[in-house]
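Report on the structure given below.
What follows draws every value from the coordinates through simple rules; no lab data is involved. Quick caveat: nothing in here was measured; it's all calculated off a predicted structure. Cβ atoms come from the backbone with ideal geometry, glycine included; neighbour counts cover every protein chain shown.
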Amino acid sequence: MPEQLNRNQVLIEKLTGIILANLENESFGVKKLVQESGLSRSRLRRSLFAATQKTPHQFINETRLMKAREFLINEDLNASEVAYRTGFSSPAYFNKCFHEFFGFPPGKVKKGDPGIPSENRVPQPVSERKQKRLFTQTFKFLKAWLPLMMVIFVTVVVMIYRSGSVGNTLEVLRSPDGRISVAVMPFRNLTGDTSLNIWQGLIQDNLINSFSNNPEELKVRQTESINRLLGNEEILNYASVTPSAAKEISRKLDADLFVYGSIQRADSSIRISAQLIDSKTEEIIKTFELDGHYRARNFIAAIDSLRSMLANYLVISKLGMNAPPSQRLYESPHPDAFRYYIHGDNAMMRGDFSTALTLFSKAIEIDTTFSSAMMALVLQYLNFARYSDARNLAEKVYRGRDQMPLVQKYHADWIHAFVFESPRKAISCLRQSLEIDDQRPGPYYLIGMHYNSLLEYDKAIPEFEKALDLYKKWGAKPGYGFYTSLGFAYHKTGLFKKEKKLYGRAEKDYPENAILCFRQAVLALSIGDTMTANRSIEKYKSIRKDQLWTDLQVATSLAGMYSQAKNYAKAEEYYLLALSLDSLNPVIINNLAAFYIENDTNIDEALAIVSRALLSHPDNYDCLDTKGRGLYKQERYQEALEILQKSWHIRMQNAIYNHSAFLHLAEAEKAVAGQKSN
């Protein structure tokens, strides 16, 4: 027993040290604690619970809070400063957690006063003498009552065997990390009333959001993956989803269980039923049913009840009853708002961004708290370079993150990082969301895109490949961007053979895609395959003509194509053609000037034309960046730095992070610092 106590003490000290070493890292969580401790996730959970009666998540949070209290007592810091020093995402969330744990807000802690109410003290390991006494008493008790306990135990085992116990069934399905993976199918509308179709996805979405709040117990497959696979199977009418089809989709997603539900109606009564089904055997583990009168508010109440019943069952009531308030949050938007959101999402998947923007806006007009629609609208604003609208809405979303379900909170963190911070922060947020469900291509693709934007193409490649591997496993068709973005990264790292093979595969899915033609032309030009290059270029121009592109748009894109292929003579020809078609357009002017400067040709001419553009557009941050870069190339470092600083300031007030601009500024700062040191 003393040996066990010592082992517990060593474990606690080791884990505490790891947490404190990562104290300011907001993204540090259970996954990283597992990695740094060298223990498996399941062993960490068991050992830590035996030593402290706490889950890893609780232990991390409480260690942060104890350190926060120490800072408040010993350091000259306010609560907001301590919140960020201890890895909390916001002062408001820190205040809430602190109050819940200690019983009073951080503002009540007095400098130099270590006092803390006794009921809020963290339990300490019992002394060695007390451990021995407890052990002796327990042994005597067991000796006296063991025969009777064995009879009870055998009786219970027989009952469990006959009834198909919850615990046994679920424990068998747990993966090595101790979690159960679940997929929730859209609920089938069997009423014959198509106006109720919207509830098929709304119930599914609510259950997924709710289950995702228990990442310690459940791995929840997200809506995007499930519905994409349904679409791939050409199951557009959810009422026709059979248990066998649901099983196949669940197995493709590596889900142990799936929820298979329906909505039925008799006169004015509605029945919502759900079955938990084993994905391997198709055995029904448990059925849940709710009846009520047909009204929208009754639907919402039924979703809430069903959510609680399923969640409590899946986690064997451990988290369902005792979870902190943040884990009981879920999103229940207005049905009409959800309808617009679904239609907007479909439009976005088709590439119809204008319609998507309109539909997401209508969803928010109906339900001003619908965070999923707001986040989707932020991305559409960025598509149309409406940066001010995107920033304002992203800030609003982020302010409400503490009231969101966990999966939505991670998405809000990513949106905020994408709009206001660097790609590295955005990558960290996406990695965190993958802890909930690692069977989603979307986050891997976005991580790859962020690495591309950081010019770290070697890191982008495995992320894009993971996303495509998931689609291959599902037998599903990815979006064309999954191909072209990976192809771009292959090209930048000189992996031309892989790039060519990838485009051959992509062309089968997208035989008439302009972006794919563009990338094929760049590759062919780069490797000297003139015949293929000419064929791809002509096909590209034909597609763009059918899409009603102007001569200016085509000339600009061809200039970029030849520039990427390092055929600078043809690139210059098309840049000059574009300028002749619109000589006052600052974007066209900047394109030509930046081309000259980056290729160290005609820098004087580039500075002259971009300076003319700045006379009429003095706050154009791209033109300012180009001028600053030109001055840097002429070794006029101080002038360059002043202009690049101005460009960066305007950019970050009005647009989003641009890594090339960041590098230009960093190089100028370094050059000026070097001059001063000399």
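For this structure, a couple of remarks:
- In Hz, Karplus ³J(HN,Hα) per residue of segment 340-356 (6.51, -1.76, 1.60; θ = phi - 60°; x = Gly, Pro): 4, 4, 4, 5, x, 5, 5, 5, 4, 5, 7, x, 8, 6, 5, 5, 4
- Likely footprinting exposure, 641, 584, fewest C-beta neighbours within 10 Å first: 584, 641
- Karplus-derived HN-Hα couplings along segment 558-571 (A = 6.51, B = -1.76, C = 1.60, θ = phi - 60°), whole Hz, x at Gly and Pro: 5, 4, x, 4, 5, 5, 5, 7, 6, 9, 5, 5, 5, 4
- On full extension, the segment bounded by residue 24 and residue 10 gains 2.7 nm, given 0.36 nm per residue less the C-alpha separation.
- Using R0 = 22 Å, the C-beta based FRET efficiency linking residue 251 and residue 224 works out to 0.75.
- Footprinting exposure proxy for 429, 97 (fewest neighbouring C-beta atoms within 10 Å first): 97, 429
- By the count of other C-beta atoms within 10 Å, a proxy for reagent exposure, 368, 16, 194 are ordered fewest to most as 194, 368, 16.
- What the Cβ-Cβ distance of residue 585 and residue 547 gives, at R0 = 22 Å and to the nearest 0.05, is a FRET efficiency of 0.60.
- Fully extending the segment from residue 402 to residue 313 would add 29.5 nm, taking 0.36 nm per residue of separation and subtracting the current Cα-Cα distance.
- Full extension of the segment from residue 93 to residue 66, taken as 0.36 nm per residue of separation minus the current Cα-Cα distance, would add 8.2 nm.
- With the charge dipole of segment 335-418 set up from +1 on Lys and Arg Cβ and -1 on Asp and Glu Cβ about the Cα centre, the Cα lying farthest toward the positive end among the listed residues 351, 418, 372 is that of 418.
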